[in-house]
Ligand code: N01
């Protein structure tokens with residue numbers, strides 16, 4: 001491999017959530033420090049910064065929901081709360097010295113590739129250039145506000161769970177929650193005890209697996225892990241391995257899948273004795289088909305005297321409440337929209353233009369697509385981390401983000417040693433990967449006949465349908481045959497060398 005003068009690639013990482021932090025730390029540990037992280041929010045944490053609704057809890061055990069490079073021994077609960085996870089991200093940023101790289105309140109509005117480098121603009125009017133752009137912009141970021149007649153004319157408070165306003169008082173109020181996904185279930189459980197009345201509008205019932213989400217992690221356990229890092233690492237590896245069982249359950253039919261599905265049905269039967277209520281809480285699709293909801297409190301909350309489950313369609317929102325299709329009026333003081341997200345936007349609505357001016361909307365006309373979750377034809381030197389087809393329903397997100405970031409360091413190394421100036425995945429490789437994804441989706445539980453946010457407008461399932469071993473094999477060493485690589489001549493190399501990321 002020909003080597004010219006060593007160059008330090010300048011990099012812009014967009015987003016300081018799970019993916020952005022994992023990428024920054026991985027790059028730094030690999031010796032790439034010429035990067036800036038542009039974060040739209042006022043703090044790090046991504047989804048854990050934006051979501052702060054009452055009852056927010058991660059439904060992945062804390063000992064697994066952490067970065068491999070930053071084990072935390074002393075989680076206070078087995079399933080950590082949102083604020084504790086947010087603090088963890090802040091601690092990781094400090095521990096790994098990311099603060100000097102971080103630009104908060106910096107929303108990227110546009111990014112353009114000029115054949116050599118990227119120019120990235122932020123809402124505050126700043127422009128920066130870089131050799132590489134990493135879009136670590138998350139999946140569940142843009143709140144979905146339903147188009148329900150009358151919503152604008154509602155006289156009480158309206159709030160979407162992903163933009164919670166701490167000033168809103170729900171105690172002693174008549175609270176309506178629209179939505180029955182993971183968020184709806186958590187917020188119903190949290191608000192019901194102190195509301196005057198809690199009404200949940202559930203268009204589609206969800207299976208809710210019983211899990212003791214409030215259980216504390218014993219202090220001694222945390223101390224033992226802190227005192228024995230090798231043991232802690234072992235626990236992490238075992239948790240990763242165990243999560244492979246979950247992947248197997250969702251990816252192909254087996255007795256293990258049937259067992260979990262039986263447990264879901266039992267969870268409902270055992271906790272809801274009232275037959276009429278149980279019927280209305282019973283989904284008409286298989287457990288695990290939608291993103292599985294976990295809760296140890298939801299059924300108790302919805303059974304409470306001050307709670308009501310409404311499955312009748314919402315006809316309109318009036319100035320004082322909600323009118324359902326049966327003509328009934330439900331008076332409401334506070335309206336909570338637990339209505340989910342636009343999960344397939346990724347870095348959009350950013351105005352992203354790649355080679356020859358192609359826009360991301362043009363490239364994704366048939367839905368979001370990336371080669372192995374990270375590379376998009378037409379967009380040289382731009383990669384996504386936790387991009388399209390990320391494993392939101394099976395494999396650890398932190399593992400996936402770290403693995404992808406390590407894979408990207410291979411290109412950074414080649415840029416540094418002068419053997420690559422631009423790298424772009426081919427259309428053929430991306431199409432082949434997407435064909436493999438489509439085929440592998442066949443036996444997954446997500447494909448068993450429910451309507452979930454996993455589906456794109458083009459009816460594809462935007463998830464990872466392979467196991468962790470396959471993911472690791474796909475994202476260890478780039479396959480040159482799948483990429484188009486360019487290299488400028490040595491003179492222009494020197495002229496372009498090591499432009500700083502921050503300007
Ligand atoms: O959103 P959702 P979410 N009228 O899209 C309903 C993650 N998460 O925020 O099913 C009436 O699942 C909609 O109804 P339907 C997790 O990955 C993780 O709850 O479309 N209802 C549905 O019930 C999760 O899957 C944690 O018929 C309307 C709900 O709104 C993902 O976030 C915690 C409607 C939306 O459910 C998203 O969960 C929380 C309308 N017009 C979330 N429009 C963790 O613990 C929509 N709905 C890690």
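The values are calculated or read from the model by the stated rules, or taken from the named source; none is laboratory data. As the structure is a prediction and not an experimental result, all values here were calculated from the model. Please note: Cβ atoms are built from the backbone with ideal geometry, for glycine as well, and neighbour counts cover all protein chains shown.
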- Query: Can you tell which of 111, 162 is buried (at least 19 other Cβ atoms within 10 Å of the Cβ), assigned to a helix (DSSP H, G or I) and in contact with a strand residue (DSSP E or B) (Cβ under 7 Å, 6 or more places away or on another chain)?
  - Reply: 162
- Message: If I ask for residues that are without any contact (Cβ under 8 Å) to a residue 60 or more places away in the chain and either assigned by TED's automatic domain parsing to the domain that holds residue 70 or part of a helix (DSSP H, G or I) (or both), which ones from the range 243-262 would you list?
- Response: 245, 255, 256, 258, 259, 260, 261, 262
- Task: Tell me which of these residue 149 doesn't satisfy, since it passes every other one: (1) surrounded by 22 or more Cβ atoms within 10 Å (Cβ to Cβ); (2) more than 27 Å from residue 359 (Cα to Cα); (3) within 16 Å of the ligand (Cβ to nearest atom).
- Result: (1)
- Answer residue from the range 24-33, given it is under 28 Å from residue 124 (Cβ atoms) and surrounded by fewer than 21 Cβ atoms within 10 Å (Cβ to Cβ) and is nearest to the ligand (Cβ to nearest atom) among those: 28
- Candidate set: the range 353-364, residues that are without any contact (Cβ under 8 Å) to a residue 60 or more places away in the chain and part of a loop (DSSP other than H, G, I, E, B); chosen: the one surrounded by the most Cβ atoms within 10 Å (Cβ to Cβ): 364
- Message: Against the definition (at pLDDT below 95, surrounded by fewer than 19 Cβ atoms within 10 Å (Cβ to Cβ), assigned to a loop (DSSP other than H, G, I, E, B) and not assigned by TED's automatic domain parsing to the domain that holds residue 155), how does residue 367 come out, yes or no?
- Response: yes
- Item | Test result for residue 230, farther than 21 Å from residue 338 by Cβ, out of contact with any helix residue (DSSP H, G or I) (no Cβ under 7 Å at 6 or more places or on another chain) and either assigned to a helix (DSSP H, G or I) or within 12 Å of the ligand (Cβ to nearest atom) (or both) | yes
- Item | residue 470 under 23 Å from residue 423 (Cβ atoms) and modelled with pLDDT of 95 or more | yes
- Mind checking which residues of the range 148-175 are free of Cβ contacts under 8 Å to residues at least 24 places away in the same chain and under 16 Å from residue 338 (Cβ atoms)? 165
